[in-house]
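Enquirer: I'd like to ask some things about the structure below.
The values are calculated or read from the model by the stated rules, or taken from the named source; none is laboratory data. Note that the coordinates shown come from a computational prediction; the quantities given were computed from them, not determined experimentally. As a convention, Cβ positions derive from the backbone with ideal geometry for all residues, glycine included, and neighbour counts pool all protein chains shown.
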Amino acid sequence: MGEARTDLSPAVDARAGAEGTRIDLDDVCRHFTVGGNVVRALDQVNLHVDESAFLVVLGPSGSGKTTLLNLIGALDAPTSGTIRLAGTELTTASRAERTRIRRRTVSFVFQSFNLFPALTALENVQFGADVAGRAHAERVAEQVLEQVGLGERGRHFAHQLSGGEQQRVAIARALATGNPILLADEPTGELDFRTGVQILELLRAQAEAGKTVVVVTHNREISRVADRVIELSSGHIVADGPPVGGRAALADLHW
Amino acid sequence: MRRFRFWTRWSWRDLRRRWLLVTAIALVIALGTGTYAGLLGTSAWRTQSNDASFAAVHTHDLRVSLPQGSQVPEGRLAALVSGLPHAADVTGARERLVVPTQIAGPGGLLVTGELVGTDTRPGPAVDGVWVSEGRALGAGDDGRPRVVAEAVFARKNDLPTPAELTVSGGAALTVVGRGQSPEYFLITGAQGGGTPFLSQKSYGVLFGSLHTVQRATGATGVVNDLVLTLRPGADRDAVAAELRRALDAAQPPVAATIGTRDDIDAYRILYDDIDGDAKLWRVVAVLVLLGGALAALNLTTRIVEAQRREIGIGMALGVPTRLLAVRPLLFGAQVALLGVGLGLLVGWAIGIPLRGLFTDMVPLPIWRTPLQLDVFAQAAALGFVLPFAAVAWPVWRALRVQPVEAIRVGHLAARGGGLVVLLRRLRLPGPGYHQIPVRNVLRTPRRSALTALGIAAAITTLVTVFGFLDSFRGTLDRAEDELLHAAPDRVAVTLDTFQPLDGDVVRRVAALPQVASVDPGLLTTGTARAGDRRVDLVVEVVAGDAGWTPTLTSGSAHGGITLAAKAAGDLGVRVGDTVTVEHPQATPDGLRTVQTPMRVTGIHPNPMRMLAYLGQDSAAAFGLTGTANLLTVTPAAGVAPDAVRRSLLAVPHVASAQTAQAATEGMRASLDEFVGVLQVAAAVTLLLALLIAFNTTTIGVDERAREHATMLAFGLPPRTVLGMTTVETVLVGGAGTVVGILGGYALLRWLTATTIPSVLPEIGVTATLSGLTVAEALALGVLTVAVAPLFTLRRTRRMDIPTTLRVME
């Protein structure tokens, strides 16, 4: 698992500089063959993120936003084009290198949380720190869990937590890795409005602390609090820029 | 009809979609069903073959046997029969001369054995010889040195036909054929003057005419045995009682024992063994079937779980519950049918090696091995019902829930943590995720328990089967330890008649250059009674200065009889109690049977129940003071025991000479043949354990797919994920193995206590589990499940993480 990282700071990693958070996609295509038909999930996508930011990838179902997230997260490989993540070329990386990139550069927050049911909340968070090779993983986990407001729930198992709490644990797990890029796929999809806003608040705070946070959602309202909104339709980026009408405060959101 | 076709088609699609799991379940059921059908089918084969074989050679209904060394003039026993009130019930009677002997032959052959001479007067055969090779003896062979060799003895010693043999006393005999006779279908402790362990290879029987055997042994004009057959429906006991009275009333009286067909050891064991084996096979088959059913339950539960949402959608659409049950039940029925179909093939396939093993191990002249349709039908029914019931339960559970619960997705559908909360405070060292395997076992306690029980069933079978062998080997070891604890080079020489201690025979043996010393003794048969219990004995009078005396676990060897612990237990007596021993006693008119009360003064540990010992001080009861029919010979320095045996061949009246080591070698050889049958069962159980482990791992990987995908998404190497799967399955497999070993030992004890006493009452077999068996069971149980996850390595390494995460959502 490589050398242990000894910093205890949960939110900001030493590598979270310009190169650490950099994402470059050039002419990226991702095609799937389904029942003999070629589905162009992403087609000639170019995207460059050169500094820490809160990005929202917006689009309807089937627009290719989850595919984009999977490619950035080294979970999938493009059919053509190049992807560089924190300075590392992903397209030509071996399976082992991609595993290492996932361990050291990106971390995930899933719509269905995907907590490990056999572990307590604290242990789930510690998983992130352990996998990333951070020293004092348990202390890091305690700090991060405290940071997401669940310091008192550390000994509870996933099935003993509410949906919002589970998602906060999932975010804490991602933060505990200390990785500079955080990828969240519909993180509020299964939550009520109030809990969803709390989650967005947490994610925004990470971007402000120097990480690149990419949130995929079909909820246009969420894009209002982003630094940058990338809109996808049928595999193409159809809009890329700050939210229309400027960035809104979290308190102004409604859905 | 159309609706049924719709559901059937849908369930076929389910089968195709999960073909690997379906095949695995079907194979597990097939192994259970096939083992049941294959193993239990052998009982019917053996019964039919026994019936045909014993009938074909006209097995005697009654036998009159004179004590060893006792003979009467030829014709005297037959004459007694013609004077019986029920003489008309006797359909056949043959006088015989049965003499223990040594047989030397080509290739250095030198074995202990018997010469069986039967009178060749015209009339129905009794205990005939079924000649399978060469030719049968005819009228022209009467008195000529021509014999038929016992077929298995001849085959196992590669005896050619014709072959020239030399028997005790130096007579040469020509083997003209190979054949079998009912008392020698199996060689048991009854042969060889009570030598406990013999096998067909190391015990030669030569069948000849009465006059041939008389000439070969120098016992001209005498017989010592009479065999009778009775007409169907005759009162056997009445004829036996009349015979007893006739023997006692004869002048001089004839000391003899009267036995029935049921007293033929080979007959009794061959039939009793079927029941004993059937009991073992039934246990093995049911365990394998149970293991299969548990595995099937595990797998079908998983499959029904996978259909949970579809069932919920059906509920939401208002489909009646009973109709919703059709698809999973049809699925279960089809898997069960597939399993049963394959099972019948497995049963047929298992039958092939079993047929070969049985015909080799139990060499009956006639073997009938037709397909046992009734057993197969029974196996098919069980093979169908058990797994089908295993499907019905999860279906019933799935249909009990509210539709809203069934169609829930994501975290809302996640169930509780099982017993995992119990381990909240238990922290294993290392990273936090090291806790996952142990906790996963408890998170799904039902599945873990079912898997562990499935593996336990397989291991229980394995331990029981190998425990049987251990128990027999342990018994042999105990007998060997007892026989060889002193003077291991000694040779036990039996004489065909009682010889004076200062007579020519004893002097000639002592004078042989190969012999260092000779200790004369007495060996005779008898029966001990205590209340209504009886035990047949081979009583040896032990010379005080002999090189070997029995070990005593309690009491002393003087002033009474020393019994085997098994005999004392069966008679319900202890040291200090008195038993009545029925034994031959020499009188001026010959031998007669008397009853003498004897105090039990000692208990010896030899597991052979029949072996009893008397001190010289008690020998007077036999009226044989000053004579011997057993010589314990110590070889001269540097002389091998076999050289002593060979030198004894030319000494007249030497019936047999056996080394102490040889006593158990024959039985070990027989045991090795028995191992073959057990190995078939062991192979099946091993395959079953592998399948269960593979299924468990496949389910585990399936159920943990989402967790594994998450771990891989976070950059955990696939080998670490695989390692966690392995630890989880090893924990379950280990628990199952431990339960299996304990269960196997308990079952072994039960079977040993309930089966062996009826099948082999003469042997005190105690349930023994060797360290090797335990180690093998542990290794198999744990290694099998540890290896199984390797089959999923490729799947884990190549897991499509986004798809897995998306599908699971």
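Enquirer: Tell me yes or no: at least one residue of region B:700-716 is of a type in the set (G, A, S), farther than 23 Å from A:R100 by Cα and buried (at least 19 other Cβ atoms within 10 Å of the Cβ).
Expert: Within region B:700-716, one or more residues are of a type in the set (G, A, S), farther than 23 Å from A:R100 by Cα and buried (at least 19 other Cβ atoms within 10 Å of the Cβ).
Enquirer: Test A:V216 against the criterion of being more than 10 Å from every other protein chain (Cβ to nearest Cβ) and in contact with an Asp or Glu (Cβ under 8 Å, 6 or more places away or on another chain), and give yes or no.
Expert: yes
Enquirer: Now for a different question. Please verify whether B:G430 is at pLDDT below 85 and touching a Ser or Thr at 6+ places or on another chain (Cβ under 8 Å), treating the condition exactly as stated.
Expert: no
Enquirer: Tally up the residues in region A:74-90 that are touching a helix residue (DSSP H, G or I) at 6+ places or on another chain (Cβ under 7 Å) and within 12 Å of chain B (Cβ to nearest Cβ), please.
Expert: Qualifying residue count, region A:74-90: 3.
Enquirer: Let me ask another. Which numbered condition in (1) outside any strand (DSSP E or B); (2) touching a strand residue (DSSP E or B) at 6+ places or on another chain (Cβ under 6 Å); (3) not polar (S, T, N, Q) is the only one that B:W548 fails?
Expert: Tallying (1) outside any strand (DSSP E or B); (2) touching a strand residue (DSSP E or B) at 6+ places or on another chain (Cβ under 6 Å); (3) not polar (S, T, N, Q), B:W548 fails exactly one: (2).
Enquirer: Examine region A:229-250 for a residue that is at pLDDT below 90, in contact with a helix residue (DSSP H, G or I) (Cβ under 8 Å, 6 or more places away or on another chain) and not in a loop (DSSP other than H, G, I, E, B), and state whether such a residue exists.
Expert: Yes; the residues of region A:229-250 include at least one that is at pLDDT below 90, in contact with a helix residue (DSSP H, G or I) (Cβ under 8 Å, 6 or more places away or on another chain) and not in a loop (DSSP other than H, G, I, E, B).
Enquirer: Another question about this same structure. Can you name the residue in region A:91-112 that is among the aliphatic types (A, V, I, L, M) and over 23 Å from A:F32 (Cβ atoms) and, of all such residues, is nearest to the other protein chains (Cβ to nearest Cβ)?
Expert: Filtering first and then ranking leaves A:A96.
Enquirer: While we're on this one: What pairs come up if the first residue lies in region B:436-457 and is more than 10 Å from every other protein chain (Cβ to nearest Cβ) and farther than 18 Å from B:G781 by Cα, the second is of a type outside the set (V, I, T) and buried (at least 20 other Cβ atoms within 10 Å of the Cβ), and their beta carbons are under 6 Å apart, counting only those six or more places apart or on different chains?
Expert: Filtered contacts from region B:436-457: B:P445/B:G418.
Enquirer: For region B:586-606, give me the residue count where each residue is within 19 Å of B:T525 (Cβ to Cβ), buried (at least 19 other Cβ atoms within 10 Å of the Cβ) and either under 36 Å from the mean Cα position of the chain (by Cα) or at pLDDT 80 or above (or both).
Expert: Count: 5.
Enquirer: Suppose we filter B:V147, B:V176 for residues that are within 29 Å of B:N50 (Cα to Cα), among the aliphatic types (A, V, I, L, M), out of contact with any Pro (no Cβ under 7 Å at 6 or more places or on another chain) and at pLDDT 95 or above; which single one remains?
Expert: Among B:V147, B:V176, only B:V147 is within 29 Å of B:N50 (Cα to Cα), among the aliphatic types (A, V, I, L, M), out of contact with any Pro (no Cβ under 7 Å at 6 or more places or on another chain) and at pLDDT 95 or above.
Yes or no, residue by residue, for (1) without any contact (Cβ under 8 Å) to a residue 40 or more places away in the chain; (2) over 30 Å from A:P187 (Cβ atoms); (3) out of contact with any strand residue (DSSP E or B) (no Cβ under 8 Å at 6 or more places or on another chain); (4) surrounded by fewer than 21 Cβ atoms within 10 Å (Cβ to Cβ):
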| residue | (1), (2), (3), (4) |
| --- | --- |
| B:G744 | no, yes, yes, no |
| B:W750 | yes, yes, yes, yes |
| B:A753 | yes, yes, yes, yes |
| B:S758 | no, yes, yes, yes |
| B:L769 | no, yes, yes, yes |
| B:T773 | no, yes, yes, no |
| B:L778 | no, yes, yes, yes |
| B:V787 | no, yes, yes, yes |
| B:L793 | no, yes, yes, yes |
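Enquirer: Would you pick out the residues in region B:687-733 that are modelled with pLDDT under 75 and within 14 Å of another protein chain (Cβ to nearest Cβ)?
Expert: B:G700
Enquirer: Still on this structure, please answer the following. For B:W396, only one of the following conditions fails: (1) buried (at least 17 other Cβ atoms within 10 Å of the Cβ); (2) modelled with pLDDT of 80 or more. What is its number?
Expert: (1)
Enquirer: Can I ask one more? Looking at region A:183-211 only, could you name the residues that are of a type outside the set (S, T, N, Q), within 14 Å of chain B (Cβ to nearest Cβ), closer than 21 Å to A:G73 by Cβ and assigned to a loop (DSSP other than H, G, I, E, B)?
Expert: Once the filter is applied, which keeps residues that are of a type outside the set (S, T, N, Q), within 14 Å of chain B (Cβ to nearest Cβ), closer than 21 Å to A:G73 by Cβ and assigned to a loop (DSSP other than H, G, I, E, B), region A:183-211 yields A:E186, A:P187, A:G189, A:E190.
Enquirer: Only one of (1) in contact with a Leu (Cβ under 9 Å, 6 or more places away or on another chain); (2) under 28 Å from B:A449 (Cα atoms); (3) within 14 Å of chain A (Cβ to nearest Cβ); (4) of a type in the set (V, I, T) is not met by B:T737, so which one is it?
Expert: Every listed condition holds for B:T737 apart from (3).
Enquirer: What about B:A530, is it among the small types (G, A, S), modelled with pLDDT of 90 or more and surrounded by 16 or more Cβ atoms within 10 Å (Cβ to Cβ)?
Expert: Criteria met by B:A530.
Enquirer: Could you grab me the full set of residues in region A:143-193 that are closer than 15 Å to A:A205 by Cα and surrounded by fewer than 18 Cβ atoms within 10 Å (Cβ to Cβ)?
Expert: A:E146, A:G149
Enquirer: Mind listing whichever residues of region A:163-182 are within 12 Å of A:L115 (Cα to Cα), among the small types (G, A, S) and either within 11 Å of chain B (Cβ to nearest Cβ) or over 16 Å from the mean Cα position of the chain (by Cα) (or both)?
Expert: Listed by number, the residues that qualify are A:G163, A:A170, A:A174.
Enquirer: Let me ask something additional. So B:G638 fits all but one of (1) surrounded by fewer than 17 Cβ atoms within 10 Å (Cβ to Cβ); (2) more than 22 Å from B:R490 (Cα to Cα); what number is the exception?
Expert: Looking at each condition in turn, B:G638 falls short on (2).
Enquirer: Next question. How many residues does region A:122-139 contain that are within 11 Å of chain B (Cβ to nearest Cβ), farther than 15 Å from A:E165 by Cα and either in a helix (DSSP H, G or I) or among the hydroxyl-bearing types (S, T, Y) (or both)? Before the answer, list the steps.
Expert: Applying the first criterion (within 11 Å of chain B (Cβ to nearest Cβ)) to region A:122-139 yields A:122-134, A:137-138.
Of the ones still in play, those that are also farther than 15 Å from A:E165 by Cα are A:126-134, A:137-138.
Retained after the next criterion (residues that are either in a helix (DSSP H, G or I) or among the hydroxyl-bearing types (S, T, Y) (or both)): A:126-131, A:137-138.
Selection size over region A:122-139: 8.
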